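Asks: I'd like to ask some things about the structure below.
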Amino acid sequence: MSPREDTVLSTMQDVPLLISRILTHGSTVHGTSQVITWTGEGEPHRRSFAEIGARAAQLAHALRDTLGIRGDDRVATLAWNNAEHVEAYFAVPSMGAVLHTLNLRLPPEQLVWIVNHAADRVVIVNGSLLPLLAPLLPRLGTVEHVVVAGPGDRSLLDGAAVRVHEYEELIAGRPTSYDWPELDERAAAAMCYTSGTTGDPKGVVYSHRSVYLHSMQIVMAEAMGLTDRDTSLVVVPQFHVNAWGLPHATFMSGVNMLMPDRFLQPAPLAEMIESVRPTHAAAVPTIWQGLLAELTARPRDISSLNRVIIGGSACPPSLMQAFDKLGAPVCHAWGMTETSPLGTISHAPAHSLGTDEEFGYRVTQGRFPAGVEARLTGPGGERLPWDGESTGELEVRGNWIAGSYYNGPDAPPLRPDDKFSEDGWLKTGDVGTISPDGFLTLTDRAKDVIKSGGEWISSVELENALMSHPVVAEAAVVAVPDDRWGERPLATVVLKEGAAADFASLSAFLEERCGIAKWQLPERWTIIEGVPKTSVGKFDKKVLRKRYADGELDVTRL
């Protein structure tokens, strides 16, 4: 829409917000900052931001001149968190192509569908992941080139109907600078697909503008507050919503990145924290639960950590308290693939510090930043107040919030009614409350809330209470059919190694110690070896519901 004739325009320059500008800034102003990749033996590999910038330029030249990447061609990565993956993060979108990170934990059938749907032309893969990629190649109809980085069995690609390149050989001798094009800031920069828990995965395409603004928010004090004095342990995978925006944000602010590569087990994570001394870390709750068990069994010095960001699913308060005692305070955050992902982050407000209110704020999902607008919608579509009590589905919109899904290279954007409102807000599928001062408390996913006798029971509240019991390692609660009440909660419990507990005592603990109302207490209980997880580490409750329906669980009824 053109401005009215009487509109007064600003005198500001109109410079596009581009990922190439983040790269140039980071590799010059913060050129001595480092990407530190854990190798599992000896000293970690270190590469400065200046070197990353030079190698990103070499990769861009190789993609254009040798592999023929042009315009908005899609370049996929199937890789761990490491320096080469960071180089691709910047090279591909900066040259005008689109980076497509592939979730290496998805089932093979979903990976095939995603690559074909996105029409990826190139896959940059870590050598250790060739056993995953090689069997899929015959079904990847658009892939022409595979670029292999790092050690791995190349013979697995023998006979593949694609051209195979060695990463280091491909970029060697190329110019270390690139004339990055002046792109439209609204152009596609990167894409991620949802995990497809219902139906096919859905593609979310991020623009240069959305990535730039999201990066600015990440480094702000009210978000992660990152500066060049920090080292961030980036455990959250680079294939999971752009590693929560950390690679871009760190180049914007000069933060060193400690990348774990494939060493994501609790023991090596504890070792890298003790030896490299990061000040900041980000991962889903299951990672921190495993690390806590490791630190309990074999104490390590993690005193360098002054901020631990936990998101992806609700953090049990007991886990938060445990890391507080270790001197590594937890900050809760909420987001999703469609929100880039930062939606909220939970810093207790100044007036609560040092009071009994402080922890109550910290266990919420947090406060909305200025770039995210939010509202609650009731079952009939009515708007609900921010009073901390009214419960409804969370809807959001903002500068880095998806307005539609990718529908293939030749199809219009996809806007399903169950995901977007008529006026364009994203329906998150999360149910909760918002306080008058903008703190979000999620009580459940809309699909996971338990509707018992006309009342809602929060599965998350029951899970957090159970996981505060000293013998419980994990707990997931799901709705199961009930003849009288419609639905009732089934509690599936994972006990700590060597521990024992009876269900009656666990039920009494919920009621007497945690204040759970008697009508909300589960009657059905079972012990399981481990809670099934999705590809990004969230509890996969649909698997538990199916196992119950198929009679595979040994259920005790109190």
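Asks: Any idea how far the Cα center of segment 485-505 sits from the one of segment 112-149, in Å?
Replies: One Cα centre to the other: 42 Å.
Asks: Using the charge dipole of the chain (Lys, Arg: +1 at Cβ; Asp, Glu: -1 at Cβ; taken about the Cα centre), state which of Thr11, Val284, Gly388 has its Cα farthest towards the positive end.
Replies: The Cα lying farthest towards the positive end belongs to Val284.
Asks: How big is segment 340-443 in terms of Cα radius of gyration and Dmax, in angstroms?
Replies: Expressed in Å, the Cα Rg and Dmax of segment 340-443 come to 15.5, 56.
Asks: How far is the Cα center of segment 165-196 from the Cα center of segment 421-475, in Å?
Replies: Result: 39 Å between the Cα centres.
Asks: Under a Cβ-only charge scheme (Lys and Arg +1, Asp and Glu -1), can you give me the dipole magnitude of the chain about the Cα centre, in debye to the nearest 20?
Replies: 460 debye
Asks: Still on this structure, I have one more. Just to be sure I understand the rule: take each whole DSSP H helix in the chain, project its Cα atoms onto its long axis, keep it if the span is 20 Å or more and its mean Kyte-Doolittle hydropathy is at least 0.0. Which ones pass?
Replies: 49-65
Asks: Please return the longest stretch of the chain lacking exposed loop sites, where trypsin sites (Lys or Arg not before Pro) count only if DSSP places them in a loop and at most 10 other Cβ atoms lie within 10 Å. All intermediate terms of the calculation are to be shown ahead of the outcome.
Replies: Details: sites that count: Arg4, Arg229, Arg484.
Segment 230-483 is the longest.
Asks: Taking H placed 1.01 Å from N in the peptide plane, check which residues at least 5 places from Glu487 or on another chain put their amide H under 5 Å from its amide H.
Replies: Residues meeting the criterion, in which the H sits 1.01 Å from N, are Gly453, Asp482.
Asks: Whole-Hz Karplus ³J(HN,Hα) for segment 328-342, in order, using 6.51 cos²θ - 1.76 cosθ + 1.60 and θ = phi - 60°, x for Gly and Pro?
Replies: My calculation for segment 328-342 gives 10, x, 8, 10, 7, 9, 9, x, 7, 3, 6, 10, 6, x, 5 Hz in order.
Asks: I'd like the FRET efficiency for Val164 and Asp387, computed as 1/(1 + (r/R0)^6) with the beta carbon distance as r and R0 of 56 Å, rounded to 0.05.
Replies: Efficiency, rounded to the nearest 0.05: 0.40.
Asks: I'd like the distance separating the alpha-carbon centroids of segment 205-271 and segment 1-52, in whole Å.
Replies: Segment 205-271 and segment 1-52 have Cα centres separated by 13 Å.
Asks: Related question: Quick one: which residues, 5+ away or cross-chain, put their amide H under 5 Å from the amide H of Ala189? H built at 1.01 Å from N.
Replies: For Ala189, the qualifying residues are Tyr206, Ser207, His208.
Asks: Counting DSSP beta bridges in the chain, what percent are antiparallel, to the nearest 5? Could the numbers behind the result be given before it?
Replies: Details: 52 of 92 bridges.
Percent antiparallel among DSSP bridges in the chain is about 55.
Asks: Can you pull the one-decimal nm distance between simple spin-label points at Ser303 and Trp519, each 7 Å off the Cα toward Cβ?
Replies: Distance between label points: 5.2 nm.
Asks: With an 8 Å Cα cut-off and a minimum separation of 6 or more residues, compute the relative contact order for the chain in percent.
Replies: Once normalised by length, the contact order is 10 percent.
Asks: Can you check how the C-alpha radius of gyration of segment 1-156 compares to 2.2 N^0.38 Å, as a plain ratio?
Replies: 1.26
Asks: Here is a further query. On average over all directions, what projected area in square nanometres does segment 448-557 have, based on the convex hull of its Cα atoms?
Replies: The orientation-averaged projected area of the Cα hull of segment 448-557 comes to 6.8 nm².
Asks: So how many Lys-Lys pairs in the chain land under 17 Å Cα to Cα, not counting same-chain pairs under 8 apart?
Replies: 17
Asks: May I ask which residue of Ile273, Cys315, Thr296 lies farthest towards the positive end of the charge dipole of segment 261-344, with charges of +1 (Lys, Arg) and -1 (Asp, Glu) on Cβ and the Cα centre as origin?
Replies: Projecting each Cα onto the dipole axis, the largest value belongs to Thr296.
Asks: Got a sec to turn the phi values of segment 147-153 into Karplus ³J(HN,Hα) couplings, 6.51 cos²θ - 1.76 cosθ + 1.60 with θ = phi - 60°, whole Hz, x for Gly and Pro?
Replies: 10, 9, 10, x, x, x, 7
Asks: Does segment 11-68 come out rounded, prolate or oblate by the C-alpha gyration tensor, with a ≥ b ≥ c the root eigenvalues, rounded set by a/c under 1.5 and, if not, prolate when a/b is larger than b/c and oblate if not?
Replies: oblate
Asks: Got a sec? Which residues in segment 281-317 would a label at Arg229 touch, if it sits 7 Å along Cα→Cβ and we count backbone N under 19 Å?
Replies: Answer for segment 281-317: 281, 303-309.
Laboratory data are not the source of any read-out in this text; all were calculated from the coordinates shown. Everything numeric in this text was worked out from a predicted model, so none of it was measured. As a convention, Cβ positions derive from the backbone with ideal geometry for all residues, glycine included, and neighbour counts pool all protein chains shown.
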